[in-house]
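The values are calculated or read from the model by the stated rules, or taken from the named source; none is laboratory data. Worth saying up front: this structure is predicted, and the values here are computed from it rather than measured. Cβ sites come from the backbone with ideal geometry, for glycine too, and all protein chains shown count toward neighbours. We work out accessible area using only protein heavy atoms, side chains counted, and drop any ligands, DNA or RNA first. Shrake-Rupley method; radii C 1.70, N 1.55, O 1.52, S 1.80 Å.
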Amino acid sequence: MPDDVTALNAHNLAEVASRVPVPGYDRSAVTAGVVHFGVGGFHRAHQAAYLDRLLTEDFEAARDYGICGVGVLPGDARMRDTMAAQDRLYTLVLKHPDGSLEPRVIGSVVEYLFAPDDPEAVVEKLAAPTTRIVSLTVTEGGYNLDDITGDFLTDTPAVAADAAAGSDAGKLTTVFGLVVEALVRRRDRGLEPFTVMSCDNLQGNGHLARTAFSAFADLREESLGTWVREHVRFPNSMVDRITPATTPDDVALVEREFGVADAWPVVCEPFTQWALEDSFGAGRPPLEEVGVQVVPDVEPYELMKLRLLNASHQALAYFGRLLDHELVDGAATDADLKPFVRAYMDAEATPTLAPVPGVDLEEYKDTLEERFGNPHVRDTTARLAAESSDRIPKWLVPVVRADLDAGRDVHRAAAVIASWARYAEGVDEHGEPITVVDRRRERVMAAAQRQLGEDPLAFVRDRELFGDLADDERFTTAYLAALDGLHADGARATLQRLGRG
């Protein structure tokens, strides 16, 4: 390590402070009142950053709401080790469109537990009187819900094993088992239940969390599920900040630009938004003091983000990759793809939205175009294209359904789905392989191969993902036109033709 580089940890914080802003509050006086499952880049760029700012601006109001991170998956061992080595500190770097960098060391994560090491310790942390909120970023697929019925999947092996384990915390491996056992202990000890706050990109994420956790509780004891439904709060929320996965270049940037050795910094865009339903049973920090929109109804904000930002990201992902764009900003500024995405937002997504309090949708869409085109964030089309089967059905298919029900055009949204089908064939327009990352990878790739034969609608016949869209001629006509164009003429010619449509 060069002499002029300082390792990030609590011991070196004063020296680091000469280079980048660091927490000015006493971290030793912060209590972990929030237990968070899924400490990844997005959580550290968003929720943890908001709480760090609140601790900075109003320490007395926020000191009981530090974060205890929890890792459940085996891959979370790396985060455990990094958090331990750096005393739970990390560097957050905002990358502005003009190329300027805005760093800050975040200190709101004050504890970290790795559940496979000691599940009992996690349950006791959750059951502690100081824990008031349990928050989640466990990905869109992490709620274990059937994509068609919305029911909790009770026969998943890990879920069934946790239900059978009951109160034997040492055998628990899922977030459902850990959280529900902690709720049982709180109930038995006369403590009010904590609030379960989902921060995943799902419409009605609080409702979905309630469905998942109460259904798991039913597996243990029906009366327990009833108690969870009646007594535990599950607020809905909408969270937004584009946060690419940290790369070795980001680690090198923090060391080179700021002289700080941080094994796992976070880089993101400067924009951030959080709309949060004001429904908490055991107290909450005054997040409105740091810009969180605490509102009675989150749905308008959720739909705005999911159908404009997230669904547009899907358009940029597959078409962008087929146009040889590795980075999102290149796709977002492509002469043929940019107007296609804006036309989707204007003509197909916006008509499905109700007015959003405090938001001008035209300005919001303009801002999205600026955010997508930020060349310094260096987000990748591969990241946006990952786990498509968890995303397209939740973000884009509802737009198609709403427009079909209203008799509106769907040819752009249908083309995005067709671009996913073409992408899932696993080879680009130059014959080079495409790495498809999806928990249903074999299934979607097999369907994509079948569409090359006698059944061009094979990909969208998967009713778990698309419902009955394959039966609607208005959709299939637009879908097949786009898919045929992608096969016959390629992505650019298809986009140009769509632009004239």
With +1 assigned to the C-beta of every Lys and Arg and -1 to the C-beta of every Asp and Glu, and no other charges, what is the dipole magnitude of the range 307-423 about the Cα centre in debye, to the nearest 20? 400 debye
Mean-position separation - Cα centroids, the range 142-185 and the range 214-272, in angstrom: 20 Å
Amide H of Tyr90 versus every other amide H placed in the peptide plane: which residues, excluding those fewer than 5 positions away on the same chain, fall under 5 Å? Ile106
Ignoring ligands, DNA and RNA, what accessible area per residue does the range 134-277 give at 1.4 Å, in Å²? 37 Å²
Along each principal axis of its Cα atoms, how long is the range 247-332 end to end? Whole angstroms, biggest number first, please. 45, 38, 18
With r defined as the distance between the Cβ atoms of Ala161 and Arg500 and R0 fixed at 56 Å, what FRET efficiency is calculated, to the nearest 0.05? 0.50
Which angle between 0 and 90 degrees, to the nearest 10, do you get for helix 248-258 versus the longest principal axis of the chain when only C-alpha atoms count? 60 degrees
With charges set only on the Cβ (+1 for Lys and Arg, -1 for Asp and Glu), what does the dipole of the chain come to about its Cα centre, in debye to the nearest 20? 300 debye
Residue-wise, which Karplus ³J(HN,Hα) couplings in Hz belong to the range 391-401, taking 6.51 cos²θ - 1.76 cosθ + 1.60, θ = phi - 60°, and x for glycine or proline? 10, 3, x, 9, 9, 10, 4, x, 5, 4, 4
If we sort 144-154, 232-242 on the protection proxy, mean other Cβ atoms within 10 Å, highest first, what's the order? 232-242, 144-154
Hey, any idea what % of the chain's accessible area is carbon plus sulfur with a 1.4 Å probe? 50 percent
Long-range amide H contacts for Gly33: which residues qualify at under 5 Å (H placed 1.01 Å from N, peptide plane, sequence gap of 5 or more or a different chain)? Tyr65, Gly66
Mind listing the Cα extents of the chain along all three principal axes, in Å, largest one first? 63, 59, 42
Starting at the first residue of the range 444-456, write each ³J(HN,Hα) from the Karplus equation 6.51 cos²θ - 1.76 cosθ + 1.60 with θ = phi - 60°, in whole Hz, x for Gly and Pro. 6, 5, 5, 5, 5, 5, 5, 5, 7, x, 8, 10, x
Please state the relative contact order of the range 303-374 as a whole percent: Cα pairs under 8 Å, 6+ residues apart? 40 percent
Heavy-atom accessible area per residue - the range 360-501, 1.4 Å, Å²: 44 Å²
Arrange the peptides 403-411, 201-209, 64-72 so that the one whose residues have, on average, the most other Cβ atoms within 10 Å appears first. 64-72, 201-209, 403-411
Taking amide H atoms as placed 1.01 Å from N in the peptide plane, list the residues 5 or more away in sequence, or in a different chain, whose amide H sits under 5 Å from that of Val294. Leu276
Expressed per residue, the solvent accessible area of the range 63-121 in Å² (1.4 Å probe) is about 38 Å²
Cα-Cα P(r), the range 191-248, percent of pairs per 5 Å interval: 4, 19, 21, 19, 13, 9, 6, 6, 3, 1
The range 336-389 to the range 88-128: how many Å between their Cα centroids? 28 Å
Would you kindly derive the ³J(HN,Hα) couplings of the range 311-320 from the backbone phi angles with the Karplus curve 6.51 cos²θ - 1.76 cosθ + 1.60 (θ = phi - 60°), listing them in order in whole Hz, with x for Gly and Pro? 5, 5, 4, 5, 5, 5, 5, 7, 4, x
